[in-house]
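Q: Pasting a structure below so you can have a look.
The values are calculated or read from the model by the stated rules, or taken from the named source; none is laboratory data. Just so you know, these numbers come straight off a predicted model, no measurement behind them. Glycine gets a Cβ as well: all are built from the backbone with ideal geometry, and neighbour counts include every protein chain shown. When the accessible area is computed, the model is the full protein with side chains, heavy atoms only, and any ligands, DNA or RNA have been set aside. Shrake-Rupley method; radii C 1.70, N 1.55, O 1.52, S 1.80 Å.
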Amino acid sequence: MNAAGGLEPASGLLESRSPARPSQVLASFPETSAGEVRAAVAAARRAQAEWAGLPATERAERLSRAAAAVQQAAGELVELGIVEVGKPRGEMAGEVQRGVAILGYYAGAALDPDGDSLPSPDGRSLLWSRRVPVGVAGLITPWNFPVAIPLWKLSPALAYGNVAVWKPAPAATAVARRLEEILHDVLGAGVLQMLPGDAETGTALVEEADLVSFTGSSRVGGSIVSAGAARRIPVQAEMGGQNASIVLPDADLERAASMVAASAMGYAGQKCTATSRVIVVDGSEGFVEALVEAVLALEVGDPGDPATAVGPVISSSALSGALDAVEQARRSGARVLVGGRQSREEGYFMEPTLVGEVEPGSHLCQEEVFAPVATVLRARHLEEAIEIANGVRYGLVSSLYTSDLDAAMAASRRLDTGLVRVNAPTSGVDFFAPFGGTGASGYGLKEQGKEAVHFYTKTKTFTFSPSGRGR
Ligand code: NAD
């Protein structure tokens, strides 16, 4: 373990450790070399022809069986996720069930119509377009949703006839290894290969795959988008957020306070959809006090305890980065309303923290901290609140709490984010609806739902004309 955080190359090995008990090593693995990545992609390419040649009903069947296999191993995946990434029990259990549902959903999608029949250009020929697989999908995933994110990429990739080479985040390698084992027997050889590693392995995968689906930070996503563009391959990148929740005086303020607290601090704020800025419109009397109360009511502790809402952050560097960001804001004149300190001796725990009297242009309001930290900002009216909400380079999700339908309709048109949620927390994703951000939060075609078919297939147009020999 280095001074900076949870992972370090130790005699050529990477290690994944429990953020609640960093002395516990969960997985120790050599980083996959560029040569090994090339070999894996070559093997995947050979397997792809066979996989794409299966009847769609057979691919659907294998995805259904994959869903059943994950369901059967759900308990084990939940325990592993709690320990490896520190996700609170309730959330980890929900994530695994979501993974099962995603596999089942794309088992069905494999049987959707795969093209269009078009009017005959001459009254006799057949003209149609079909969606065909792209080839080998390179999947690069973050540690914070170690089951659902890989599955929401893998499932559509396979349903539409691609095979996958997957590089998970080093901090989630134990979960990744177990998930690969569970899926391997059902899917068959070469259909899914998991390659442990970090930047070097990921870079090599972007150089070899036929398309790349990435989820992670905006910094890494930016470099992957450039590398993919240089190779002219399709790339989608879902990245960070600086999500705003706007509270209007006519909202149910108690209910809004508890939803905002949970979406800002749940899972220690380590969701791309977490609320990071709470914009309170003048007249919302008592809201900030209710928010402080709701934050204080959240249980911080062992992620394995069913009552816990806020577990550890992922690494010591994540913890020190968040503590520094709050301290820097405090030195610039901001006021810590609650929290602001490390909360336990062992493990990377931080008190849920609200920071007020802070400038919208400050670092804390502009950059993703990825910890249980949110700022509280004031706006004179809805117009100003929307301006503040849109005044960041990110654009993943925003939420608005109000009982005024006109205000909700106007704001939802103008909030420049991929998702807008009214009287609902920023955190919350429906796997059957398109998902993804704008600006520094998202690049390329969106993920999930039926939208995924556009990324994981390419269109081919066919014309069949009569041979001219009678009939
Ligand atoms: P990260 O960017 O550090 O790593 C993501 C993945 O990229 C990992 O697998 C990592 O090993 C790999 N990687 C790192 N450098 C690479 C390189 N040069 N080339 C190729 N691959 C490389 O992110 P993280 O810390 O694992 O995850 C947290 C981030 O993910 C946060 O910013 C969060 O907002 C974001 N996230 C976004 C979404 C979304 O859907 N928008 C969902 C979850 C997490």
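Q: Give the stretch 181-217 a look and list any residue that's closer than 22 Å to L13 by Cβ, assigned to a helix (DSSP H, G or I) and open to solvent by less than 20 Å² (accessible area, probe 1.4 Å), or say none.
A: Listed by number, the residues that qualify are T201, G202, A204, L205.
Q: May I pose another question? Looking only at the stretch 145-173, count every residue that is among the small types (G, A, S), surrounded by fewer than 24 Cβ atoms within 10 Å (Cβ to Cβ) and closer than 24 Å to P19 by Cβ and tell me the total.
A: Residues that pass the stated criteria total 1.
Q: Then there is this: Give just the number: which of (1) under 28 Å from A408 (Cα atoms); (2) out of contact with any Pro (no Cβ under 6 Å at 6 or more places or on another chain); (3) among the aliphatic types (A, V, I, L, M) does A230 not satisfy?
A: (1)
Q: Looking at the structure I just gave you, is V453 farther than 21 Å from Y160 by Cβ and either more than 13 Å from the ligand (Cβ to nearest atom) or without any contact (Cβ under 8 Å) to a residue 12 or more places away in the chain (or both)?
A: Numbers: farther than 21 Å from Y160 by Cβ: no; either more than 13 Å from the ligand (Cβ to nearest atom) or without any contact (Cβ under 8 Å) to a residue 12 or more places away in the chain (or both): yes.
In short, no.
Q: Among R232, R219, which is the only one that is among the basic types (K, R) and under 21 Å from the mean Cα position of the chain (by Cα)? Give the derivation first.
A: Details: R232 fails: under 21 Å from the mean Cα position of the chain (by Cα).
Only one candidate qualifies: R219.
Q: Name, by its number, the condition in (1) under 21 Å from R341 (Cα atoms); (2) crowded, with 24+ Cβ neighbours inside 10 Å that does not hold for E289.
A: Failed condition: (2).
Q: Still on this structure, please answer the following. Among the candidates A379, A371, which residue alone is closer than 27 Å to P249 by Cα and in the same structural domain as I279 (by TED's automatic domain parsing)?
A: A379
Q: Could you list all residues from the stretch 352-373 that are in a strand (DSSP E or B) and not small (G, A, S)?
A: Of everything in the stretch 352-373, those that are in a strand (DSSP E or B) and not small (G, A, S) turn out to be T353, L354, V355, V373.
Q: Could you tell me whether the stretch 177-194 includes any residue that is acidic (D, E), more than 15 Å from the ligand (Cβ to nearest atom) and under 30 Å from A294 (Cβ atoms)?
A: No, because not a single residue in the stretch 177-194 is acidic (D, E), more than 15 Å from the ligand (Cβ to nearest atom) and under 30 Å from A294 (Cβ atoms).
Q: Moving on. Of everything in the stretch 272-306 that's within 16 Å of the ligand (Cβ to nearest atom) and in a loop (DSSP other than H, G, I, E, B), which residue is nearest to G356 (Cα to Cα)?
A: The residue in question is A274.
Q: Would you point out which residue out of V220, V206 is within 24 Å of V397 (Cβ to Cβ), among the aliphatic types (A, V, I, L, M) and near the ligand (Cβ under 7 Å from one of its atoms)?
A: Among V220, V206, only V220 is within 24 Å of V397 (Cβ to Cβ), among the aliphatic types (A, V, I, L, M) and near the ligand (Cβ under 7 Å from one of its atoms).
Q: I'd like the residue in the stretch 223-244 that is more than 11 Å from the ligand (Cβ to nearest atom) and among the charged types (D, E, K, R) and, out of all such residues, is least open to solvent (accessible area, probe 1.4 Å).
A: R231
Q: Which numbered condition trips up D250, out of (1) open to solvent by 10 Å² or more (accessible area, probe 1.4 Å); (2) assigned to a helix (DSSP H, G or I); (3) in contact (Cβ under 8 Å) with a residue 12 or more places away in the chain?
A: Single failed check for D250: (2).
Results for (1) in a helix (DSSP H, G or I); (2) β-branched (V, I, T); (3) at positive phi, shown as yes or no for each residue.
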residue	(1), (2), (3)
V392	no, yes, no
S399	no, no, no
V420	no, yes, no
S427	no, no, no
L445	no, no, no
H454	yes, no, no
K458	no, no, no
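Q: Something else now. For residues in the stretch 307-333 being within 22 Å of C365 (Cβ to Cβ) and in contact with a helix residue (DSSP H, G or I) (Cβ under 7 Å, 6 or more places away or on another chain), which is most open to solvent (accessible area, probe 1.4 Å)?
A: By that ranking, first place goes to Q328.
Q: For the stretch 334-351, how many residues are part of a strand (DSSP E or B) and open to solvent by 30 Å² or more (accessible area, probe 1.4 Å)?
A: The first filter runs over the stretch 334-351 and keeps only residues part of a strand (DSSP E or B), leaving 335-338, 342, 350.
Cutting the leftovers down to open to solvent by 30 Å² or more (accessible area, probe 1.4 Å) gives us 335-337, 342.
The qualifying residues number 4.
Q: Related question: Pairs needed: first member in the stretch 199-216, farther than 19 Å from G240 by Cα; second member anywhere, in a helix (DSSP H, G or I) and within 7 Å of the ligand (Cβ to nearest atom); C-beta distance under 8 Å; at least 6 residues apart or different chains.
A: Matching pairs, first to second residue: V206/I224.
Q: Continuing with the same structure: When you scan the stretch 438-448, do you find a residue that is open to solvent by 50 Å² or more (accessible area, probe 1.4 Å) and closer than 27 Å to G283 by Cβ, even just one?
A: No, the stretch 438-448 contains no residue that is open to solvent by 50 Å² or more (accessible area, probe 1.4 Å) and closer than 27 Å to G283 by Cβ.
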